[in-house]
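Trainee: So that we are looking at the same thing, I have put the structure below in C-alpha cells.
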C-alpha cells in the first residue's frame, strides 16, 4: 500500500529526549568535568551505535512511558494510529509520539527501535525475511482484523454502459477513451503516490496492454482526480484499494485481471496477475514486544473491522475532523469494542 505525506493532521513528531549530562559543582572543576563529560558522551555514542546496528532497545518495560507509532500516508491507516494513540494516552497513561514514514522506511526504523510499532502492513516479504526471520529485530503483532485488496477499477456508470470493460482482455478497446494529455497517446491508469505498492508497470508490459501509469502524487490528489472525473461522468481507469472510505461515496467496479495464484508476484519483473487479498498485519520492534509492558500488550490486542476503520477514516477525510477528534468521538461511542483491547 501507499506511502507519502498524510492527508489528515497528525500528532507532531518529537525528537528523543536528550540524556542528562553531569552537573559541575564549581567553576574550578570545569576542565575536569568537561573531560569527564566528553568521555561519557563517547561511551554513549558507542552504545547508541551498537543499539542502532542490532536494533537493541533501551526500553525497560513500563518504566518508559513513551510509545512511538508510524503514521502512513493513507487515511485508513491514520485511523488506526489515531485510535490506538488516544487509548494509549487516555486509558493507559502513555505519551505517544508519531513518525511519518514510508512503508519500507518504517520497517528500517522499526528494526532500529526508532519506532515501536507499525499498525497496518500490506505485505513486504523482503523486509519481513530480513528483519523478522534473519535479524529477529521485528516480530509479528498479529492481524489488524482488516483485509486489504489492490486492483484496477473503473466507474460503475462506465461499466454499466460497457460491461466488457471489466475483463482485462478488453481494456485496449477503451484505451483511447482512457487517454489523457499525460499518458502519451496510451490509455491512462491513474495512480496515487509513486511510493505505493504497485506492480502495474510490469502487469501492463507482461499482458501487452496499451496503457500507461500516470501518478497523481498522493492519495489526496488521486481522490481529487477521481471526484472530478465522476462529476463530469468521464471514463477512467484507476489503481485503487479496499478498505477505503471513498468507496462509500463513489461506485467503482473492479477489472478482472488474470487470477492471483501463490507466487505469481514473486518476481516483480514478471508479474502478470491480479493482486492478492491481504490480511493486514501489525509488526512490533522485538525489544518493545518483550519489554513494552501494557503498551505492547494493548497493541497486540488492537483489532477492528473494515467498517470500524472506515467510520473513523470518514470522520477525518470527509467531515474534516482532526485524527485526534475523530478518535475521541469513536472511542466515546464504542467502549464495548475497545475495552477488550486493554490488558488484563
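Values quoted throughout were computed directly from the atomic coordinates according to the rules given, and no laboratory measurement underlies them. Remember, it's a predicted structure, so these values are computed and weren't measured experimentally. Cβ sites come from the backbone with ideal geometry, for glycine too, and all protein chains shown count toward neighbours.
Trainee: Cβ neighbours within 10 Å, averaged per peptide: list 158-165, 241-248, 307-314, 111-118 in order, most packed at the top. Numbers along the way, then the final one.
Mentor: On the way: 158-165: 15.1, 241-248: 19.1, 307-314: 20.9, 111-118: 23.6.
Highest-to-lowest ranking by the protection proxy: 111-118, 307-314, 241-248, 158-165.
Trainee: Kirkwood hydrodynamic radius for region 149-277: how many Å is it when counted over pairs of different Cα atoms? Don't skip to the end; give the middle numbers.
Mentor: Details: mean 1/r = 0.0679 Å⁻¹.
It is 14.7 Å.
Trainee: What does the extension gain come out to for residue 319 and residue 342, with contour length at 0.36 nm per residue minus their alpha carbon separation? Write down the numbers at each step before the final one.
Mentor: Values: separation 23, 0.36 × 23 = 8.28 nm, distance 2.84 nm.
Gain on stretching residue 319 to residue 342: 5.4 nm.
Trainee: Using the alpha carbons of region 212-276, what is the convex hull volume per residue in cubic angstrom, as a whole number? Working shown, then result.
Mentor: Working: hull volume 7.8 nm³, N = 65.
That works out to 119 Å³ per residue.
Trainee: When 1/r is averaged over all different Cα pairs and the result inverted, which Kirkwood radius in Å belongs to region 76-186? Please report the intermediate quantities before stating the final value.
Mentor: On the way: mean 1/r = 0.0557 Å⁻¹.
When all Cα pairs of region 76-186 are included, the Kirkwood radius is 17.9 Å.
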